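Throughout, read-outs are computed from the coordinates displayed, never taken from laboratory work. Computed from a predicted model, the values in this text were never measured in an experiment. A quick note on method: Cβ atoms are made from the backbone with ideal geometry, for glycine too, and the neighbour counts reach across all protein chains shown.
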Amino acid sequence: MRCCVQNCTNDTRKSTKSHGITFHIFPKDVTLRSAWIEALGLTEWEPKERSTVCSEHFQRDAFYETRCGLRRIKNGAVPLPLVDSSENLDAPATLRVCRICLTMDARMYHMSDHKLGLMYEQITGVPVNIDDKLPQKLCYECVARLCSANVFRSKALRAQGLLVEKLDADRFVSRRIGQLNFYSTISIRERSI
């Protein structure tokens, strides 16, 4: 299987679930199918029965995991809309280049879309300022990686919070048990005297 999105090179021969990439068949629902086609800029193309879109073209919260561990698209989820990078080829390079990988020949997302600027700041620690004259767009590959890193960061922070909370709760319980053992030992010694 190969992702049908223009300029996307993901296919099942080289990109697998172990790489974090899954492939999803176009929905059968006509309205949702049309929304996918429009978002991906494929208006002059009709998907075949087994045409797929890879997971890099969806927001990370568009997925859920089944009990068997399969990654599925949530009902109603639509791929991220693509911005055509060839719209204005006379624009300065800072308007057509990816801020992360510096590519110029891919579909781009503006950093103000989908909270990408905030994710970029949280992951890299580099503030995004519109007035700094640096590129304000990211290519779809970097967007997917940024979203994945953001999900990883969120999981790590959540786990850290839960572990610290558990550790604090266990310390309280351990101290209390320790105090009980201490007082029990004193009571036993007093009785034996």
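Taking the mean number of other Cβ atoms within 10 Å as a proxy for protection, how do you rank 116-127, 158-169 from highest to lowest?
Highest to lowest by the protection proxy: 116-127, 158-169.
To the nearest 0.05, how large is the calculated FRET efficiency for C101 and A169 if R₀ is 45 Å and r is the Cβ-Cβ distance?
It comes to 0.55.
With a ≥ b ≥ c the root eigenvalues of the C-alpha gyration tensor of the stretch 1-79, is it rounded (a/c under 1.5), prolate (a/b larger than b/c) or oblate?
oblate
Taking amide H positions as placed in the peptide plane 1.01 Å from N, state which residues far from T52 in sequence (5 or more) or on other chains have amide H under 5 Å from it.
R2, C4
From the phi angles alone, apply the Karplus equation (6.51, -1.76, 1.60; θ = phi - 60°) to the stretch 48-58 and give each ³J(HN,Hα) in whole Hz, x where the residue is Gly or Pro.
Once θ is set to phi - 60°, the couplings for the stretch 48-58 become 7, 4, 10, 5, 10, 10, 7, 5, 5, 9, 10 Hz.
Under the Karplus relation 6.51 cos²θ - 1.76 cosθ + 1.60, θ = phi - 60°, what is the ordered set of whole-Hz ³J(HN,Hα) values for the stretch 62-68, x standing for Gly and Pro?
Going residue by residue, I get 7, 10, 9, 10, 6, 4, 7 Hz, with x marking Gly and Pro.
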